[in-house]
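Notes follow once the structure below has been shown.
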Amino acid sequence: MTPSTIERAPKAEATLALLWERIRRQGDMPGFTRAINAILASMRGEDEQEFSMTQTVLSDPVLTQKVLRLANSGMYSAFGQRVNTVSKAVLVLGTEAIGHLALGLKLIEELSKSTPDSANAHVEMEKAVLAGMVAQQVAARAATRDPEEAVVCSILHSLGRMMVTFYMPERWSQMQAQAGAGCEGEAAAAVLGLSLEALGRATAEHWGLPRNLLAGMRTLEPGEREEGFGHDDWLAALGTMSTRCANSLWNDDEAGAAKVAELAAAFAPMLGVAPDQVLAAIDKAKTEAAADLTIAPLAKPAAKQAQADVHAQAAARKREAGNRILMSGAADMRDAGVTVNPGQMMSMALETIYQGLSFKRAFAFLRNRREGKYLARMGFGDGTKGLMPNLSFDDTYAADVFHAALTSDRVIFIENARDPKFAAKLPGWWRGTLSEARCFVVIPICMNGQPVGFIYGDWDETYASINLSQTEFTLLNDLRALVVGALERRTQTELAAAGKA
C-alpha cells in the first residue's frame, strides 16, 4: 500500500483538511507549488531536460547565483574550468542535483514569505535550515554525488513541525501545553490525530514531491546497517541525525554539544562516515549557521546587532571623512584659481570626487563638437584605462539618463541601475561597458546653457547601500561650479585675444 492510499483516522483527516484550507487561504504556497511543478517537470525530462532546467533556474536570480556557486565549489572543481553559465552548470551538476537544490531553496523561501508573526514558526524554520546545513557538510564527507538531495530531505524532516507552527499555531500551543516545549511531538497524536512525521509526509505527497524525497523523510534510529540498507535508508538516517543535531545545536550550550557528540557516534556506522569526520562536518555547519541564521542563540543576534551598529558608525565616519575630502578639494581648486587651465581643474575635480565618494570608478567626459560625441578623457579606479576607448556616445539627444542630466544641468543620482523598470533609460554604450555598477552619479558641466562634458562615478554591489545627502549634493555642485568658472575664464581670455587680433 503506497503512502498516499493509507486510510487515516477522522481526526487526522480533519486536521489535514484544515491545513490545506489555511494554506490555500494564505495564498503564498501556490507560488511554491508552481515552482516545484516546473522543477519536477525538468527533473523528469518532460521537456528537453537540460534546457528546461536551465530555463527554470534562470527565472530566479537567487537560485541562479546558488547554482553557479555550487558548480564552482571545491566539490565539483575536478569537472574542469570555471562555470559561468547555468547551461554548463546543468551539465556539470546534473538535473537531479540542481532540482534538489531548487526544491530546498524554494521551500525555505516560500515558508519564510508565509511566516506569520510567530516566534515558534521562525524557530522551526531556522532549525530546518540548520539541519540542511549539517546534512550538506556530512554528505560532502560521504562523497555523495548529490549532497543537495540530502539537504532537501533533511529540511523536509522538519516539514510537519513547520506546517503546524506556520498554519495552525493554536494546535502547536495545545501540544506545548500537554507535552512541554521541545516535546511537542509526543502530544501530536492526541491533538492532531497523527504524528508530526506523518503530517509532514502528507504535505509532501499533497505537493507531489518525488518518491525518493518521501522515503528520505522517515525517522530512522541509529545502529549498524542492516541487510538491504539502501540509498533511501541512508537519506533517512542522515535526515534524522541532522534534525536532532539542529535541535541540540540551537541553544549553543554544553548540554547540546554533548548530545551532538552522542549523535555523531551513534549514526556514524549507518552513514559510513567516521565519527570524527561527522563532528568536523557538524562544526563547519555550525560556523556557517552562525553567519546565516538570525534568531538562534547559536547565531548570537545581539552580537550581530552590535556589530551592525559598529559597521553603521564606521560607515558614518567614512562619509564624514569623504565630505571633508570634498570640502578640502574645493578649497584647493579655489586656491589654484587662474593659475590652472580647465583640463587641470577638471582633473582636480574628478580626483576629489573619486576619493570623497569612494567610487569604484570615475570618469571625466568631454564633448567634441567636431566629432559630435562625448568622449571619456580621464579616469580613476579599477580597469578604467582599458574601458576608456569604448566610452563614447553621440551628442545628439536621446531619451536616456545621461542626456537627461546634461539637458537639465542637474546632478543625477541613480540608486539602483539594475531595476528592470529603469533599463530603458540606460544607453547601449553604458550597458556594454559599465553595467557592473549598482548605482552611479552624473555631474553635468554646462556653460551658458550648453553642455561641455560631465563627471561620472559608480559603485558596485561590494559597497553598502548608497544614498547621497543634501550636503554631498551641495558639495558636488560647488565642485562643478569651479570647473565651469575655469572654462568661462578661458573663453573670456580667448575672446579678448581674438578682439585684439
>> List the lysines whose Cα sits under 29 Å from the Cα of K421, skipping any in the same chain fewer than 8 residues away.
In response: K66, K106, K113, K360, K373
> What are the principal axis extents of the Cα atoms in region 178-224, in Å, biggest first?
Replying inline: 34, 33, 15
> What are the residues whose amide H is under 5 Å from the amide H of K373, where those residues sit 5 or more places off or on another chain and H is modelled from the backbone?
Replying inline: N368, D395
> In Å, what Rg and Dmax follow from the Cα atoms of the chain?
Replying inline: 30.3, 107
>> Give me the mean projected area, in nm² to one decimal, of the convex hull enclosing the Cα positions of region 116-273.
In response: 9.5 nm²
>> Using a Debye calculation, one point per C-alpha and no hydration shell, please list log10 I(q)/I(0) for region 139-204 at q = 0.25 Å⁻¹ in order.
In response: -0.98
> Taking region 367-488 as the region of interest, what is the percent of Cα-Cα pairs per 5 angstrom bin, listed from the shortest bin to the one with the maximum distance?
Replying inline: 2, 10, 20, 24, 22, 16, 5, 1, 0
> Which cross-chain or sequence-distant (5 or more) residues have an amide H under 5 Å from the amide H of M447, H modelled 1.01 Å from N in plane?
Replying inline: V452
>> Please list 3J(HN,Hα) in residue order for region 123-130, calculated via the Karplus relation 6.51 cos²θ - 1.76 cosθ + 1.60 where θ = phi - 60°; whole Hz, with x for glycine and proline.
In response: 4, 5, 5, 5, 5, 5, 4, 4
> How big is the charge dipole of the chain about its Cα centre, in debye rounded to the nearest 20, if each Lys and Arg gets +1 on its Cβ and each Asp and Glu gets -1 on its Cβ?
Replying inline: 1960 debye
> By accessible area of protein heavy atoms, probe 1.4 Å, what ranking do K373, K127 get, highest first?
Replying inline: K373, K127
> So what J values fall out for region 198-213 if you push phi through Karplus, 6.51 cos²θ - 1.76 cosθ + 1.60 with θ = phi - 60°, rounded to Hz, Gly and Pro as x?
Replying inline: 5, 5, x, 5, 4, 5, 4, 5, 4, 7, x, 5, x, 4, 5, 6
> To the nearest 500 deg cm²/dmol, what mean residue ellipticity at 222 nm is calculated for the chain from DSSP H runs of n ≥ 4 alone, each contributing -39,500 (n - 2.57), summed and divided by the residues?
Replying inline: -20500 deg cm²/dmol
>> Suppose all protein chains stay in the model; what accessible area per residue would a 1.4 Å probe give for the chain, in Å²?
In response: 48 Å²
>> Using only the alpha carbons of region 411-459, what is the convex hull's orientation-averaged projected area in square nanometres?
In response: 3.7 nm²
> Where does the charge balance sit around G185 when Lys and Arg score +1, Asp and Glu -1, over other residues with C-beta under 10 Å from its C-beta?
Replying inline: -2
> Ranked highest first by average number of other Cβ atoms within 10 Å, how do 217-224, 161-168 line up?
Replying inline: 161-168, 217-224
>> Given a 1.4 angstrom probe, I'd like the percentage of the accessible area of the chain that is carbon and sulfur, rounded to a whole number.
In response: 52 percent
>> If amide hydrogens are placed 1.01 Å from N in the peptide plane, which non-local residues have theirs closer than 5 Å to the one on D460?
In response: K360, R438
>> From the phi angles alone, apply the Karplus equation (6.51, -1.76, 1.60; θ = phi - 60°) to region 178-185 and give each ³J(HN,Hα) in whole Hz, x where the residue is Gly or Pro.
In response: 7, 10, x, 4, x, 10, 4, x
>> Sort D276, D458 by heavy-atom solvent-accessible area, probe 1.4 angstrom, most to least.
In response: D276, D458
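The values are calculated or read from the model by the stated rules, or taken from the named source; none is laboratory data. Given the structure is predicted, the values throughout are model-derived calculations rather than measurements. Glycine gets a Cβ as well: all are built from the backbone with ideal geometry, and neighbour counts include every protein chain shown. Just so you know, the surface numbers come from the protein's heavy atoms only, side chains and all, with ligands and any DNA or RNA stripped out. Shrake-Rupley method; radii C 1.70, N 1.55, O 1.52, S 1.80 Å.
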